[in-house]
Amino acid sequence: MTKEQHYIDFDEYIRQGEPSQREAAYAWSTAIGLQAVDGLTTSEYLNDLARRNIEGELTMDQVDKLLDSYYESKTAREAHDDDKNEADKASRNIKKILSVKTVDFTANGFISLHRRIFEGVFKHAGQLRDYDITKKEWVLEGDTVNYLNWEDLRRALDYDIKQEREFSYKGLAPDDLITHIASFASGLWQIHAFGEGNTRTTAVFTIQYLRSIGFDVENDLFAKHSWYFRNALVRANYKNAVKGIDYSPIYLERFFRNLLLGEQWDLRNRYLHIHPTENTI
């Protein structure tokens, strides 16, 4: 992480701040931390706006206006401007979403969530992809997960979310609960309904859903381990018989065990590589 992405200030607010500061710090830290799934970092300007919002100096309406004005008034382009613009505006949007503890747990709600996160960022915000995709993954040594074909995206979203909505957690043992939640998040992500922004949308939707069914997820796990979360999703959805590699949901389950059961699994990305070595990052 770069210096501007340091989370220690957020931690301080979460541990010692007033209730309103704790809630704002949690939402901002998660929103900013999730940008790492696509290798993005927010600007110093956005980070300062976030701090001032947590302190109560700025409302979110004021943050909106200042951030939009900042990018509209920029005359000299700098390196990574597009990446900063995406990270800043997506973070701002996610913070607003996480500050409201509601969820539309339907396929329409999932699609709408993508639009709300990436409004003003992607032209295709809230639109299902109409093409097939592959993505080279570091943890797979350049191989790709097999994502769902574009013709079946809506059907798959409807099915997965309907099945989860009808599932009962009553009497479920902790191990079975974790396995089920990891499987749901993994399957939703494997659909890869959008051209970009799938992991961030899946993460926010999962947070919203878990909160709606009674789980306390207001900690910094998504903020500090968002890249691990994405790589764990990759490993949960990758199988290569020739290479002797099977689907490996255990890494994603460890993430959720830490999140929901308070366990302390070591979430290092190098463990997720299909051929890890001591020199693997």
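If we scan segment 238-257, do we find a residue that is over 30 Å from residue 155 (Cβ atoms), assigned to a helix (DSSP H, G or I) and under 12 Å from the mean Cα position of the chain (by Cα)? Within segment 238-257, not a single residue is over 30 Å from residue 155 (Cβ atoms), assigned to a helix (DSSP H, G or I) and under 12 Å from the mean Cα position of the chain (by Cα).
In the set 205, 229, 255, 215, which member is of a type in the set (Phe, Trp, Tyr) and out of contact with any Phe, Trp or Tyr (no Cβ under 8 Å at 6 or more places or on another chain)?
Step by step, each of 205, 229, 255, 215 is checked, and only 215 is of a type in the set (Phe, Trp, Tyr) and out of contact with any Phe, Trp or Tyr (no Cβ under 8 Å at 6 or more places or on another chain).
Within segment 69-105, if we keep just the residues that are without any contact (Cβ under 8 Å) to a residue 24 or more places away in the chain and in a helix (DSSP H, G or I), the residue that is surrounded by the most Cβ atoms within 10 Å (Cβ to Cβ) turns out to be 71.
For (1) within 27 Å of residue 136 (Cβ to Cβ); (2) of a type in the set (Val, Ile, Thr), each residue gets a yes or a no:
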| residue | (1), (2) |
| --- | --- |
| 207 | no, yes |
| 213 | no, yes |
| 250 | yes, yes |
| 258 | no, no |
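Quick one: which of 272, 221 is hydrophobic (A, V, I, L, M, F, W, C) and within 19 Å of residue 141 (Cα to Cα)? Testing whether each residue is hydrophobic (A, V, I, L, M, F, W, C) and within 19 Å of residue 141 (Cα to Cα) leaves just 272.
Scan segment 74-84 and give yes if some residue there is of a type in the set (A, V, I, L, M), under 17 Å from residue 46 (Cα atoms) and over 20 Å from the mean Cα position of the chain (by Cα), otherwise no. For segment 74-84, residues of a type in the set (A, V, I, L, M), under 17 Å from residue 46 (Cα atoms) and over 20 Å from the mean Cα position of the chain (by Cα): present. Would segment 237-260 turn up any residue that is under 25 Å from residue 31 (Cβ atoms), among the acidic types (Asp, Glu) and without any contact (Cβ under 8 Å) to a residue 24 or more places away in the chain? Looking for residues that are under 25 Å from residue 31 (Cβ atoms), among the acidic types (Asp, Glu) and without any contact (Cβ under 8 Å) to a residue 24 or more places away in the chain, one finds none in segment 237-260, hence no. Here segment 130-166 is the region considered, the condition is being assigned to a loop (DSSP other than H, G, I, E, B) and buried (at least 18 other Cβ atoms within 10 Å of the Cβ), and the residue that is farthest from the chain's Cα centre (by Cα) is 148.
Every condition in (1) farther than 14 Å from residue 47 by Cα; (2) surrounded by 16 or more Cβ atoms within 10 Å (Cβ to Cβ) holds for residue 64 except the one numbered (1). Note on segment 187-208: residues that are under 13 Å from the mean Cα position of the chain (by Cα) and either part of a helix (DSSP H, G or I) or among the aliphatic types (A, V, I, L, M) (or both) amount to 13.
For residues that are of a type in the set (Val, Ile, Thr) and buried (at least 24 other Cβ atoms within 10 Å of the Cβ), scanning just segment 17-50, find the one that is nearest to residue 216 (Cα to Cα). Talk me through it step by step, then tell me what you get.
We begin by selecting, within segment 17-50, every residue of a type in the set (Val, Ile, Thr); these are 30, 32, 37, 41-42.
This time we only want the ones that are buried (at least 24 other Cβ atoms within 10 Å of the Cβ), so: 30, 32, 42.
Details: 30: 14, 32: 20, 42: 26 Å.
Ranking the candidates gives 30 first.
Since every read-out is calculated from the coordinates, none of them should be taken as a lab result. Bear in mind the structure is a predicted one, so any value in this text is a computation, not a measurement. Every residue, glycine as well, gets a Cβ built from its backbone with ideal geometry; the counts of neighbours run over all protein chains shown.
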